[in-house]
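All remarks here apply to the structure that follows.
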Amino acid sequence: MTGDLAARPAGGHATGDAGPRPAGEHATGDLAARQAALVAALTSGAAVPHGFDERLVGIARDALLRKRAGEVARAWPLLAADRGDRWPAVFMEWAAARPTNGSLRDGWDLARSLAPRTGPAAAELAAREAAWRYDGISAPVPRGRLSGWARSVRSGALWESGGLWTRLRPKD
Amino acid sequence: MTPYGVGIGWRPEIAGFVAELPGLRFVEVVAESVHADAPVPPGLAALRDRDVAVIPHGVRLSLGGAEPVDPDRVDHLAAVASLLDAPLVSEHIAFVRAGGVEAGHLLPLPRSREAVDAVVANVARTQAALAVPIALEPIAAVFDWPDDELSEAEFLTEILERTDALLLLDIANVYANARNRGTDPLALLDALPLDRIAYCHVAGGAEAGGVYHDTHTHPVPEPVLDLVSALCARCRPPALLLERDGAYPAADTLRAELDAIAAASGYPAVT
């Protein structure tokens, strides 16, 4: 009753050569591998697995990147503002083959690669670099005496205002 | 579930608005945003003091993942439910990571026996840690897997029967999927076990690139409200909840959306 891709009027070209099998021959017990292949296509620039509608998977991938662009803009508002209307395109190009490590780290990695030298975006990056130790590989750690401040943010009044902890917290 | 009527997804950005709703009896909070070992966020604590039920809504368990669900994530969900004295929790029939990579979004499952088995096993692992029932939410999917063996209703019904879980039916997802697949949303309603609904989600969306996206950042469209009425004519769910996740409109607009859901379902306005 639902989801018959063959009967769908839009996007009829269900092609793709990443799948190991011809269509219709799906062995049991390979759900993990097939899920991984789909996630790789959506996040890492891998080919769309065999049999999926490439157009629709592409639309889903772009929607996902756009959503990430919005989330990173909330975590790095000055970095995003620095790019103005071009922010979604700038982020989406950078992130197209980079799976998310959470908005804080994604924005941090992008900020380091863009390396703003002056203005609010540079100040935002400098403030983060001063407050947290981030090796580019694992979750940022608050530096020294600031760690106590960071802990207070977790449970304190800033929760009510809704912003800071949500923005700064490293995503697991 | 207790007939709570109309509720709203609690988000820090609209905590002030939610706190002022006089008739409110339930909200939902994203489970992963609550710290299990810290005090209840003040806005939620104030609602609990008013006897407003708070339902933790998980988004990152990955119940549909082929791998066993992460025990730490399950424990967190159970701890948040306990912290909030929640009457139930909810999660999605979806997967969000695979092969160690985060998708960053809820992804659809193939409607296959193998996927049913994976969901059932993960729901059982989750239920073992929970002191309250879990409601499972079917997602909105922009694409489907190429080799579905079961219809959507068969897929969902089998999962619910085998897990004894409740159904969190997202009416906006029903609308989005039917519109994108060219199927009849009423036929799906007629084929689902509506008496298992714990509560419903209602949300807005928009079309882009020829596809309707369930954005939670646009107004609730009229056809979604019509579906709410159609559902309630068949079997009125105990509760319906407005989900808004960004581009928050003025309070009057949010109030009007809550009132429209109340009108469509026949529940009293909470505003």
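We did not get these values from a lab; they are worked out from the coordinates using the rules stated. From a predicted model like this one, the values you see are computed outputs, not experimental measurements. Virtual Cβ from ideal backbone geometry, glycine too; neighbours counted across all protein chains shown.
Note on B:102-111: average number of Cβ atoms from other chains within 10 Å of each residue's Cβ is 6. The calculated 222 nm mean residue ellipticity attributable to helices in chain B amounts to -11500 deg cm²/dmol, summing -39500 (n - 2.57) over DSSP H runs of n ≥ 4 and dividing by all residues. Ordered by the count of other Cβ atoms within 10 Å of each Cβ, fewest first, B:62, B:151, A:113 give A:113, B:151, B:62. In units of the rule-of-thumb radius 2.2 N^0.38 Å, the range B:87-178 shows an alpha carbon radius of gyration of 1.06. For chain B, dividing the convex hull volume of the Cα atoms by the residue count gives 122 Å³ per residue.
Multiplying each eigenvalue of the alpha-carbon gyration tensor of the protein assembly as shown by 5 and taking the square root yields semi-axes of 32, 29, 21 Å, largest first, rounded to whole angstroms. Using C-alpha pairs below 8 Å separated by at least 6 residues, the relative contact order for the range B:1-133 is 22 percent. Comparing A:84, B:106, A:127 along the charge dipole axis of the protein assembly as shown, the residue lying farthest to the positive side is A:127, per the Cβ-charge model. Under Stokes-Einstein, with the Kirkwood radius over Cα pairs as Rh, the value for the range A:44-110 at 37 °C and 0.692 mPa s is 264 µm²/s. Largest first, the three principal axis extents of the alpha carbons in the range B:66-113 are 34, 22, 20 Å in whole numbers. Taking max minus min of the alpha-carbon positions on each principal axis, the range B:1-86 gives extents of 44, 27, 23 Å, largest first. In the range B:31-143 the Cα-Cα distances spread across 10 Å bins starting at 0 as 14, 45, 29, 11, 1 percent of all pairs.
When every Cα-Cα distance of the range A:29-68 is counted in 5 angstrom steps from zero, the calculated P(r) takes the values 6, 25, 32, 22, 11, 3, 1 percent. Normalising the average separation of contacting C-alpha pairs (under 8 angstrom, six or more residues apart) by the number of residues puts the relative contact order of the range B:64-142 at 44 percent. Sorting B:76, B:92 from the fewest to the most surrounding beta carbons within 10 angstrom yields B:76, B:92. Rg/Rh for the range B:179-238 to two decimals, with Rh computed the Kirkwood way over all alpha-carbon pairs. That ratio equals 0.98. When the scattering of the range A:92-147 is computed by the Debye formula from its Cα atoms alone, each counted once and equally, what is log10 I(q)/I(0) at q = 0.21, 0.28 Å⁻¹? Reported log10 I(q)/I(0), two decimals: -0.84, -1.21. This ranking places B:197, A:137 by how few other beta-carbon atoms lie within 10 Å of each, fewest first, which gives A:137, B:197. Sequence-distant contacts, meaning Cα pairs under 8 Å at least 6 residues apart, place the relative contact order of the range A:61-108 at 47 percent.
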